[in-house]
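Scroll down for the structure; my scribbles are underneath it.
The values are calculated or read from the model by the stated rules, or taken from the named source; none is laboratory data. Keep in mind it's a predicted model, so treat the numbers as computed, not measured. Cβ: placed from backbone, ideal geometry, glycine included. Neighbour counts: every protein chain shown.
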Amino acid sequence: MKLGVDALESLYTTMVKIRRFDERTVELFNEGLVKGTAHSYVGEEAVAAGACATLRPGDSIVGTHRGHGHCIAKGARVDRMLAELMGREAGYCRGLGGSMHIAALDLNVLGCNGIVAAGLPIGTGAALAARLGKSDGVVIAFFGDGAANQGVVHESLNLAAVWKLPIVYVCENNQYALSTATRRTTAGESIAARAAAYAIPGVRVDGNDVLAVHAAVATAVARARAGEGPTLIEAVTYRWGGHSMRANLPEYRTHEEERAWAERDPIARLAGHLRDAHRVTAMRLKELEEAVELELDRAVAFAKASAEPTVELMEAAVYAPHAEGAEPRDRTGPERTMVEALNAALHAEMARDERVFVMGEDVGLIGGIFQVTRGLRDRFGEERVRDTPISEATFVGAGVGAAIAGRRPVVEIQIFDFVALAMDQVVNQAAKFRYMLGGRPTVPLVLRGPQGGGIRLAAQHSQSLEAWFAHVPGLVVVAPSTPYDAKGLLVSAIRDDNPVVFLEHKALYAVRGPVPEGEYAIPLGRAEVKRAGTDVTVVATQAMVGRALAAAAELEKEGVSVEVIDPRTLVPLDEATILASVAKTGRLVIAHEAVKRGGWGAEVAALVAERALDVLDAPIVRVGGRGVPMPYNESLERATIPSQQDIAAAVRDLL
Ligand SMILES: Cc1ncc(C[n+]2csc(CCOP(=O)(O)OP(=O)(O)O)c2C)c(N)n1
Ligand SMILES: [Mg+2]
């Protein structure tokens, strides 16, 4: 595609705007108005400008920590960007995100990222969303040469290649990752050469030649739009400044090298081309530069005049309002296992809302190793029920990206211990996206799967990890104990606009109970009193609920009345139900299977100690797993997981 003079002038303006924006940012940083840190894109302008000029407004990008150029090239307003850099409410993220996290969903800028390479799974998911939504949208995911060595880059390229997703991966090879030269860290002849391994095109271009970047990306975008899949582009360039505005580091580059690259200035090069090939006058270029300067003057004034965000704004930004729900009037129904109940919820929600889709390892063809997704692929097809490669970080990240882009993914973690491989996407991305963007976007993602022990799968397949997630603001944590709860809570989780970690207990999968046939959604954050009592409150989760109920039946024979509460959702927690029960009984036992130390029960104990110490007639007792990894041996496993007797003994001790 040959670019006309208007398009070239527009590229020129974009590149000058990026450069002057970052030069101004350095000044504002030195004045103390931009805080924290920011990463200048000066020297690399041709990459973002050339790449984004190939896109339509409906196409998306994900940027990096060095993302100002990406945002500007995609059309972001420099006044709102500067306001963000100054931490002001008028900023793109209302002052909650800062330089590294600018996003503009109205422009399909799906976020820059403070975690190196994390944008690739997210971009891959946005490309999946475009595909599922049957749009012809394309995504560009930018990443650095340093990022290229992260595992998610391989995983994303592989996933996009096997699913033929409409995405272009653009590596900005500025030859350094912070202080470390690429040649010291990166094997192989080039980053682009890696494309061969995925049988996709790999192209290396001069990243300081905006026309070369534009041509290469335009070809890749056309290919993506035509449904032919991803391309990997490596644009070789150089950053003129230090790694970040904060970094005051020993020298790691030679002055000769810096000078040589300064001579290859991408803006001067385009100016030369405009003059030589299109007879654009120096005066005309000056006119374009002055227009940029004026826009930046106004932007600085706008940002300085913008208000600081409030604590109220900040706190309201963490969670989207929860999905509405109500318990069914009639709770009777046929006896179903928890697997059947979860499966019914998935069938119903996929039928109800075409944005819902399911992905994970082995969830399609065989319906998951525990059969929770059974029959979904036959009914809803392979597009919406996807068997993934074994790439937890990337398919969870793709879930985040798809959720941001308007789908409602339900992602299965085959065994929840494997979530450790995806923790960046859960903790740094899913949990924080809405917040970092000022509390407006939604991330309707469900991450579900089995946790817990009892079936001799040993230390890496048996943990109960709810405390990890309960600690992170932005996540909802659900942990049902009955088939009835499982169905109604999974429906609510899918309808919720927040990322929900939905923990099933594998030892409960086969447990039966009545499940109403019709549609119902149990509100998140509502505990249930599973058994009323007056002497001792037992707050129990998942497999411990049944054991607590059995212990209560045993204790009843001894004349002890035990109230058993199942919080059902750990975040948000129904504090009122727990506090009201303790006010009545004056005694509290908390039982969970997870290791007691640092367990979620400590939170409940602290809640009651802080808010209701005066009503207690006895110390609070926690019953939790032993402080050991789950053993393989059967009797040792039994000795590790709290039993009915352990709970009964804890209650007796209090009386
Ligand atoms: C996962 C992760 N590791 C380390 C860092 C700290 N860090 C931020 S940028 C950076 C260098 C990244 O290099 P590259 O991907 O080449 O991008 P560039 O800064 O050169 O644009 C490092 C080490 C981080 N933010 N995230
Ligand atoms: Mg780099």
Q: For L249, state whether it is in the same structural domain as A73 (by TED's automatic domain parsing) and modelled with pLDDT of 95 or more.
A: no
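Looking at A299, A271, A326, A291 in this structure, which one is of a type in the set (A, V, I, L, M), within 30 Å of L211 (Cβ to Cβ), touching a residue at least 12 places away in the same chain (Cβ under 8 Å) and surrounded by fewer than 17 Cβ atoms within 10 Å (Cβ to Cβ)?
Exactly one of A299, A271, A326, A291 is of a type in the set (A, V, I, L, M), within 30 Å of L211 (Cβ to Cβ), touching a residue at least 12 places away in the same chain (Cβ under 8 Å) and surrounded by fewer than 17 Cβ atoms within 10 Å (Cβ to Cβ), namely A291.
Just to be sure before I move on: is A580 within 30 Å of K432 (Cα to Cα), without any contact (Cβ under 8 Å) to a residue 12 or more places away in the chain and of a type in the set (G, A, S) in the structure I sent? Walk me through how you get there before you give the answer.
On the way: within 30 Å of K432 (Cα to Cα): no; without any contact (Cβ under 8 Å) to a residue 12 or more places away in the chain: yes; of a type in the set (G, A, S): yes.
Taking the combined requirement at face value, the residue does not satisfy it.
Is at least one residue of the range 537-550 in contact with an Asp or Glu (Cβ under 9 Å, 6 or more places away or on another chain), at pLDDT 95 or above and assigned to a loop (DSSP other than H, G, I, E, B)? Even if it seems obvious, please write down each step before you answer.
We begin by selecting, within the range 537-550, every residue in contact with an Asp or Glu (Cβ under 9 Å, 6 or more places away or on another chain); these are 537-545, 547-548.
Imposing the further condition that a residue be at pLDDT 95 or above reduces the set to 537-545, 547-548.
With the extra rule that they be assigned to a loop (DSSP other than H, G, I, E, B), the set shrinks to 541-542.
There is at least one residue in the range 537-550 that is in contact with an Asp or Glu (Cβ under 9 Å, 6 or more places away or on another chain), at pLDDT 95 or above and assigned to a loop (DSSP other than H, G, I, E, B).
Across the range 246-268, what is the total count of residues that are crowded, with 18+ Cβ neighbours inside 10 Å, assigned to a loop (DSSP other than H, G, I, E, B) and within 16 Å of ligand 2 (Cβ to nearest atom)? Give the steps one after another, and end with the answer.
Initial filter on the range 246-268 (crowded, with 18+ Cβ neighbours inside 10 Å): 261, 265-267.
The next check asks that each one be assigned to a loop (DSSP other than H, G, I, E, B); those that pass are 265.
Among the residues that remain, those that are also within 16 Å of ligand 2 (Cβ to nearest atom) are: none.
So the count comes out to 0.
Are any residues in the range 500-516 surrounded by 22 or more Cβ atoms within 10 Å (Cβ to Cβ) and in contact with a strand residue (DSSP E or B) (Cβ under 7 Å, 6 or more places away or on another chain), and if so, which ones?
Taking the range 500-516 and keeping what is surrounded by 22 or more Cβ atoms within 10 Å (Cβ to Cβ), we get 500-506, 508, 515.
Matches in the range 500-516: V500, V501, F502, L503, E504, H505, K506, V515.
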Q | Tally, over the range 122-144, of residues that are crowded, with 24+ Cβ neighbours inside 10 Å and part of a helix (DSSP H, G or I) | A | 9
Q: Scan the range 562-569 and give yes if some residue there is surrounded by fewer than 18 Cβ atoms within 10 Å (Cβ to Cβ) and either under 18 Å from W468 (Cβ atoms) or not hydroxyl-bearing (S, T, Y) (or both), otherwise no.
A: no
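Can you find even one residue in the range 132-141 that is in the same structural domain as T64 (by TED's automatic domain parsing) and within 14 Å of ligand 1 (Cβ to nearest atom)?
Here is the first cut: in the range 132-141, the ones in the same structural domain as T64 (by TED's automatic domain parsing) are 132-141.
Those still in the list that are within 14 Å of ligand 1 (Cβ to nearest atom) too: 141.
Yes, the conditions are met somewhere in the range 132-141.
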Q. Would a scan of the range 145-154 turn up a residue that is out of contact with any helix residue (DSSP H, G or I) (no Cβ under 8 Å at 6 or more places or on another chain), within 11 Å of ligand 2 (Cβ to nearest atom) and more than 30 Å from D387 (Cβ to Cβ)?
A. no
Q: Working only within the range 349-375, note down all residues that are of a type outside the set (D, E, K, R), over 25 Å from S156 (Cα atoms) and buried (at least 19 other Cβ atoms within 10 Å of the Cβ).
A: M350, F370, V372
(Q) So, in the range 66-79, how many residues would count as being within 16 Å of ligand 2 (Cβ to nearest atom) and either free of Cβ contacts under 8 Å to residues at least 60 places away in the same chain or more than 24 Å from the chain's Cα centre (by Cα) (or both)? (A) 2
Q: Looking only at the range 591-600, decide whether some residue is loosely packed, with under 15 Cβ neighbours inside 10 Å and in a helix (DSSP H, G or I).
A: no
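Taking the conditions exactly as written (surrounded by fewer than 22 Cβ atoms within 10 Å (Cβ to Cβ) and either without any contact (Cβ under 8 Å) to a residue 12 or more places away in the chain or among the hydrophobic types (A, V, I, L, M, F, W, C) (or both)), does T219 satisfy them or not?
Details: surrounded by fewer than 22 Cβ atoms within 10 Å (Cβ to Cβ): yes; either without any contact (Cβ under 8 Å) to a residue 12 or more places away in the chain or among the hydrophobic types (A, V, I, L, M, F, W, C) (or both): no.
Taking the combined requirement at face value, the residue does not satisfy it.
Do the conditions hold for K35, that is, is it farther than 30 Å from R131 by Cα, part of a loop (DSSP other than H, G, I, E, B) and of a type outside the set (A, V, I, L, M)?
On the way: farther than 30 Å from R131 by Cα: yes; part of a loop (DSSP other than H, G, I, E, B): yes; of a type outside the set (A, V, I, L, M): yes.
When the stated conditions are applied, K35 passes them.
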Q. Among the residues of the range 330-353 satisfying the criterion of being touching a Phe, Trp or Tyr at 6+ places or on another chain (Cβ under 9 Å) and part of a loop (DSSP other than H, G, I, E, B), which is nearest to R434 (Cα to Cα)?
A. R331
**Q.** Subset tally (residues that are within 16 Å of I140 (Cβ to Cβ), outside any helix (DSSP H, G or I) and within 13 Å of ligand 1 (Cβ to nearest atom)) for the range 66-121
**A.** 6
(Q) Condition (residue is acidic (D, E) and part of a loop (DSSP other than H, G, I, E, B)) applied to the range 269-292: is it met by at least one residue? (A) no
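If you take the residues of the range 603-632 that are in contact (Cβ under 8 Å) with a residue 60 or more places away in the chain and not aromatic (F, W, Y), which of them is surrounded by the fewest Cβ atoms within 10 Å (Cβ to Cβ)? Reasoning before the result, please.
Just the residues of the range 603-632 that are in contact (Cβ under 8 Å) with a residue 60 or more places away in the chain, to begin with: 603-604, 623, 625, 629-632.
Subset that is not aromatic (F, W, Y): 603-604, 623, 625, 629-631.
Numbers: E603: 17, V604: 24, V623: 25, G625: 23, P629: 14, M630: 25, P631: 18.
Across the range 603-632, the extreme among qualifying residues is P629.
When you go through L110, L157 one by one, which is the residue that is farther than 24 Å from E45 by Cα, aliphatic (A, V, I, L, M), surrounded by 19 or more Cβ atoms within 10 Å (Cβ to Cβ) and more than 13 Å from ligand 2 (Cβ to nearest atom)?
On the way: L110 fails: farther than 24 Å from E45 by Cα.
Residue meeting the stated conditions: L157.
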